Amino acid sequence: MQLDSSILGWLRCFESAGRLLSFTKAAQALNLTQSAVSQQIRHLEERLGYPLFERHSRGLVLTSKGKMLWEVTSKAFLDINQTLGQLGVSHRPLQVSCSPSFALQWLIPRLTIFQRQRPDVPLRVIAEFQSLDRYAMEAGGIDVAIRYDPAEYHHLNAETILEERLIAVATPAYLKQHPAFAAGVSLDGVVLLHDAAAWDGAPEFAESRVWMEAAHPAWTEHLAGPQYNLSSLAISAAMNHQGVAISRSALVYEELQDGRLVNVFGKHVPAPARYVLLSRQPEDPRIAAFSAWLKKECEQFDNLRQQLLLA
């Protein structure tokens, strides 16, 4: 079978569907419709004369021939993307993919330090929190990624750069309006503000439940409240006196320091996830420089945060 542009497009859809075992997820990754992906894979199967997937109600399973083709196709696309990245490395910014709330609340305010130290390393920061593997980083041209999640990463250089602590925060004005809650007596009338997507695939109330079980287990069955798809939105709601947010301490450090928010009970609970630094080619001088700077910043910040939390 001779390769042409149509077949290459079919193979790209097939590789993505084989990696994710889902036409819907493949469509999202490729910015196509689910029907377009399904149709292109059907064209490929018709041209080959044999099925590549077994379609079940619970998802897709590669056939034996499909698995053989996927392994070859995946490696080919990975090699192509890696080579293209290497050829263009000196002409483009360092691509940094970062969990949105960590980017907004923590990373961006500190980036001027790195830019002053290394003006020769331009950065392009992309706020996103979808799960990553080596192929996804290659395909997206991502050099470095910062994720907050509990996942174990394989085939990528992964380093934990900052552990996290959960705290309940609210404005002094809100606590004044709810003295029983501030005293740890009652949740009556209190609005709990939740991050609905603490990480990609996180269960509902993932962080709030962990905090409640450790700090106030009697309240665990009363977690209802507004949910936001970004931690920074829940924090913003708390800043506007709308309720109590169960927040990551790194994201509210400045607000705690200047008194705009209060650690309600003076308690902090280990989070179910941590911040991890991912890179494809850690030996790249630009990646090495950024990684070294970031790890040093995290270490210094953690020392300051410990002093604040223990105060």
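The values are calculated or read from the model by the stated rules, or taken from the named source; none is laboratory data. Not measured: the values here are computed from a predicted model. Glycine also receives a Cβ, built like all others from the backbone with ideal geometry; neighbour counts cover every protein chain displayed.
Quick notes
- Residues in the range 148-173 that are over 23 Å from L310 (Cα atoms) and surrounded by 19 or more Cβ atoms within 10 Å (Cβ to Cβ): Y148, D149.
- Which numbered condition N81 misses (of (1) touching a residue at least 24 places away in the same chain (Cβ under 8 Å); (2) out of contact with any Leu (no Cβ under 8 Å at 6 or more places or on another chain); (3) outside any helix (DSSP H, G or I)): (3)
- Matching residues in the range 178-195 - criterion: being assigned to a loop (DSSP other than H, G, I, E, B) and out of contact with any Pro (no Cβ under 9 Å at 6 or more places or on another chain): H178, A183, G184, S186, L187, D188, G189, V190
- Only one of A151, A198, A183 that is at pLDDT below 95 and over 26 Å from the mean Cα position of the chain (by Cα): A183
- Residues located in the range 132-177, provided they are assigned to a helix (DSSP H, G or I) and more than 18 Å from V252 (Cα to Cα): R134, Y135, A136, M137, E138, A139, G140, K176, Q177
- Index of the failed condition, L32 passing every other in (1) surrounded by 15 or more Cβ atoms within 10 Å (Cβ to Cβ); (2) part of a helix (DSSP H, G or I): (2)
- Taken as a whole, the range 94-111 holds no residue that is more than 23 Å from the chain's Cα centre (by Cα), modelled with pLDDT of 80 or more and either surrounded by 12 or more Cβ atoms within 10 Å (Cβ to Cβ) or not in a strand (DSSP E or B) (or both).
- The set of residues from the range 113-152 being within 18 Å of R19 (Cα to Cα) and among the hydroxyl-bearing types (S, T, Y) comprises S131, Y135.
- Pairs, first crowded, with 18+ Cβ neighbours inside 10 Å in the range 281-294, second hydroxyl-bearing (S, T, Y), C-beta under 8 Å, six or more apart: I287/S279; S291/S279
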